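Asker: Pasting in a structure now, in structure tokens, and then I'll have a few things to ask.
The values are calculated or read from the model by the stated rules, or taken from the named source; none is laboratory data. These figures come from a predicted structure and were not determined experimentally. Don't worry about glycine lacking a Cβ; one is built from the backbone with ideal geometry, like all the others, and counts go over all protein chains shown. All accessible areas refer to the heavy atoms of the entire protein, side chains included, with ligands and DNA or RNA removed. Shrake-Rupley method; radii C 1.70, N 1.55, O 1.52, S 1.80 Å.
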Amino acid sequence: MTLSSLRTATALGLISMSLLGGAAFAKPAPKPAPLASEVQAEILRDAALKSNVAYDFVAELTTRFGARPAGSASEKNAAIWAAEKLKGMGFQNVRVESFPLSVWERGEESIEITSPFPQKLLGTALGQSTASAPEGIEAEAVIFDTYTGFIESKADLTGKIVVILQPMAKTSEGSGYGRMSGTVRSKGWVEAQKRGAVGYVIRSLSTDDHRFPHTGSGGWSDGKGIPSMALSVPDAEALGRIEAMQKAGKAGPLRLKMRTGGKFLGVGTSQNVVADLPGSEHPEQVVILGGHLDSWDLGTGAIDDGAGIAISLAAAKTMIDQKVQPKRTVRVVLWGSEEVAQPEPLAGAGGKAYVEAHKAELANHITANEMDHGAGKTFSAMFMPTEDKAFISSVDKLIYPLGIYIDAKGEPRGGSDTAELHEAGVPAFDLRQDGYDYFDTHHTPDDVLDRIDPAKLTQNVAALTAITWMIADTNVTFTAPKKAP
Ligand SMILES: [Zn+2]
């Protein structure tokens, strides 16, 4: 029997192993026993540090689709593409889960000073802002240096444009943003409208002084609000100088002309992309990773939140590449429609749609993570309390070499996409990233791939890979979050 005919015969199953015998045909070695979770996690962490999966993904996503506004064809096409990509990577049960949402489109916009010193300004409408009349609105502007000053003021605002010049504090973990997005940006126009104002303008929620305005959700208006816009930081500061000149008697009243073109296109669809790396022993137990696929329309959503998606899927892909399978299922969700406000009952968007579609499985959701704070390095990790001290000690050893500590005092809060999961009792775990520069370019045309440092991105992947393996390959459990009253 020639070697080639032996190969053919073997391939056809014509020769029994006993007939062949001999060392060369010894029965295949038994599958190696799985490594201890911590040992395997270390191997995975180091493999992740050598991988380009995350950067390659966010590069291709932003190049192919550019901006991905919630409910747009671009967001949908990106979801279909990502699902195919995830299948190709070896993920299983990959599906696109659609849900309804109200769609808003920006339209044409402009803002200018008409008096005392006529000139164009750089501003952009806040998300879901109501359109002005086609020719715009022109009115006297009343400037407030702080939001509190505006709320406490008794000034007559009838027929005026309210301007808030409050700057945003620059912090690593984003607390300066959190203090302002839910008030100045999304509620201010409601207060201004109640008091008779015809327009609302804020200094961008920005930590840089470039001349891009930063958009962001202004809260749902259903086309019945007043036009609301954000100015670039230098333009807001110019208005501050005019205010000072007014006080010194060197300038007359400030008048602004605003034109916003927000279109409310009715109910469309957005979608979550869901992909599993099934567990070997407890496939019904699920650990959620993810970020959001939609972005604002001005940039290409590289740091917000292409990076978060890429980090999350690359963590699971590292396990696939190393041909290991944790005991529990690792599920990656590319959330749809995170950025935009929605009217009831659609509010909650992708996160809410997931909770509704997966209600029966939620009791088996061990914990959930969302990466949505750019592409800076992770500096700390936070978990809900656990009895499993060995888990904490292992994670500590695994992430210290990456420059990350466990913040035992902090309580993980999750992200806006996982908020509905936490509300339903699923514990969060957080990786806190250095976002000191994040709000320099967040929600601007400058949110592009160039803002991502591949080495920093990869550090996140390594951390998330090691931590996720320790959660998915052990029996660790965490205290459920307290239910909202
Ligand atoms: Zn985001």
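Asker: Once you put a point 7 Å from the Cα of ALA155 and another 7 Å from the Cα of GLU423, both along the Cβ direction, what distance in nm separates them?
Answerer: Taking the two extended label points, one gets 3.7 nm.
Asker: Follow-up. Can you list the HN-Hα couplings for region 111-128, worked out from phi with the Karplus curve (6.51, -1.76, 1.60; θ = phi - 60°), rounded to whole Hz and with x for Gly and Pro?
Answerer: Ordered by residue, 3J(HN,Hα) equals 8, 8, 8, 9, 6, x, 10, x, 5, 7, 10, 9, x, 9, 5, 6, x, 6 Hz.
Asker: Could you give the size of the charge dipole of region 275-406 about its Cα centre, using +1 on the Cβ of each K and R and -1 on the Cβ of each D and E, expressed in debye and rounded to the nearest 20?
Answerer: 600
Asker: Continuing with the same structure: Using modelled amide H (1.01 Å from N, peptide plane; none on Pro or chain starts), what sits under 5 Å from the amide H of VAL201, excluding residues fewer than 5 places away?
Answerer: VAL162, VAL163, ILE164, MET229
Asker: Would you mind putting 415-421, 182-188 in packing order, based on average other-beta-carbon counts within 10 Å, highest first?
Answerer: Put in order of decreasing packing, that is 415-421, 182-188.
Asker: Go ahead and collect, in residue order, the members of region 333-374 whose backbone nitrogen is under 12 Å from a label point 7 Å along the Cα-Cβ direction of THR269.
Answerer: The answer is none, because no backbone nitrogen lies closer than 12 Å to the label point.
Asker: Suppose each label sits 7 Å from its Cα in the direction of the beta carbon; what would the LYS327-SER280 distance come out to in nanometres?
Answerer: The modelled label-to-label distance comes out at 1.2 nm.
Asker: Right, here's the next one. Over the alpha carbons of region 139-255, what is the largest minus smallest coordinate on each principal axis, giving the biggest first in Å?
Answerer: 41, 33, 24
Asker: Here is a further query. Calculate for the chain the 222 nm mean residue ellipticity that helices alone would give, adding -39,500 (n - 2.57) per DSSP H run of length 4 or more and normalising by residue count, nearest 500 deg cm²/dmol.
Answerer: Theoretical 222 nm ellipticity from helices: -9500 deg cm²/dmol.
Asker: Continuing with this model, one more query. Leaving out ligands and nucleic acids, and using a 1.4 Å probe, what accessible area per residue does region 206-249 come to in Å²?
Answerer: It amounts to 38 Å² per residue over region 206-249.
Asker: Same structure again: Would you mind putting 148-161, 460-473 in packing order, based on average other-beta-carbon counts within 10 Å, highest first?
Answerer: In decreasing order of mean packing, 148-161, 460-473 become 460-473, 148-161.
Asker: Helix 73-89 versus the longest principal axis of the chain: what is the Cα-based angle in degrees, 0 to 90, to the nearest 10?
Answerer: For 73-89 against the chain, the angle is about 20 degrees.
Asker: Oh, and also: In region 259-312, with Lys and Arg counted as +1 and Asp and Glu as -1 at Cβ, which of these residues, LEU265, ALA275, THR300, has the Cα nearest the positive end of the dipole, that is, farthest along it?
Answerer: Of the listed residues, the answer is LEU265.
Asker: Also, I was wondering about something else. With viscosity set to 1.002 mPa s at 20 °C, what whole-number translational diffusion coefficient in µm²/s follows for the chain from Stokes-Einstein and a Kirkwood radius over Cα pairs?
Answerer: Translational diffusion coefficient: 88 µm²/s.
Asker: Would you tally the net charge around GLY178, using a Cβ to Cβ cut-off of less than 12 Å, leaving GLY178 out, and scoring K and R as +1, D and E as -1?
Answerer: Once positives and negatives cancel, what remains is +2.
Asker: Another question, if that's okay. If you place +1 on the Cβ of every Lys and Arg, -1 on the Cβ of every Asp and Glu, and leave all else neutral, what size is the dipole of region 115-164 about its Cα centre, to the nearest 20 Debye?
Answerer: 100
Asker: While we're on this one: Mind grabbing the accessible area of PHE379 for me, 1.4 Å probe, Å², rounded to tens?
Answerer: 50
Asker: In region 321-386, with Lys and Arg counted as +1 and Asp and Glu as -1 at Cβ, which of these residues, TRP335, ALA375, GLN322, has the Cα nearest the positive end of the dipole, that is, farthest along it?
Answerer: Value computed over the given set: GLN322.
Asker: Nearest 10 degrees, 0 to 90: what angle lies between the long axis of helix 233-247 and the longest principal axis of the chain (Cα atoms)?
Answerer: The angle comes out near 20 degrees.
Asker: Trypsin sites (Lys or Arg not before Pro), restricted to region 265-341: which are DSSP loop and have at most 11 other Cβ atoms within 10 Å?
Answerer: Passing both the DSSP loop test and the Cβ count: LYS323.
Asker: Just order 117-129, 273-285, 396-408 by mean Cβ neighbour count inside 10 Å, highest at the front, would you?
Answerer: Output ranking for 117-129, 273-285, 396-408: 117-129, 273-285, 396-408.
Asker: Further question: What dipole magnitude, in Debye to the nearest 20, does the chain give about its Cα centre under +1 on Lys/Arg Cβ and -1 on Asp/Glu Cβ?
Answerer: Rounded to the nearest 20 debye, it is 340 debye.
Asker: Another question, then. Using θ = phi - 60° and the Karplus form 6.51 cos²θ - 1.76 cosθ + 1.60, what ³J(HN,Hα) does each residue of region 193-206 get, whole Hz, x for Gly and Pro?
Answerer: 5, 4, 9, x, 5, 10, x, 9, 10, 10, 5, 3, 6, 9
Asker: In sequence order, what are the phi-derived ³J(HN,Hα) couplings for region 93-104 according to the Karplus relation 6.51 cos²θ - 1.76 cosθ + 1.60 with θ = phi - 60°, rounded to whole Hz, with x for glycine and proline?
Answerer: 6, 6, 8, 9, 10, 7, 8, x, 8, 7, 9, 10
Asker: Among DSSP beta bridges whose residues both lie in region 140-202, state the antiparallel percentage, nearest 5.
Answerer: Antiparallel bridges: around 0 percent, rounded to the nearest 5.
Asker: In the chain, what % of DSSP beta bridges are antiparallel (nearest 5)?
Answerer: 55
Asker: Indicate the gyration tensor shape class of region 315-456 (rounded, prolate or oblate), computed on the Cα atoms with a ≥ b ≥ c the square roots of the eigenvalues: a/c under 1.5 is rounded; otherwise a/b larger than b/c is prolate and the rest oblate.
Answerer: Oblate is the answer for region 315-456, as a/c is 1.5 or above yet b/c matches or exceeds a/b.
Asker: Where the convex hull is taken over the Cα atoms of region 237-284, what is its projected area averaged over directions, in nm²?
Answerer: Mean shadow area of the hull around the Cα atoms is 9.2 nm².
Asker: For GLU140 paired with ALA29, estimate the spin-label separation in nm (one decimal), with each label point 7 Å from Cα along the Cα-to-Cβ line.
Answerer: 8.6
Asker: A follow-up question, please. Which angle between 0 and 90 degrees, to the nearest 10, do you get for helix 389-399 versus the longest principal axis of the chain when only C-alpha atoms count?
Answerer: The angle comes out at about 80 degrees.
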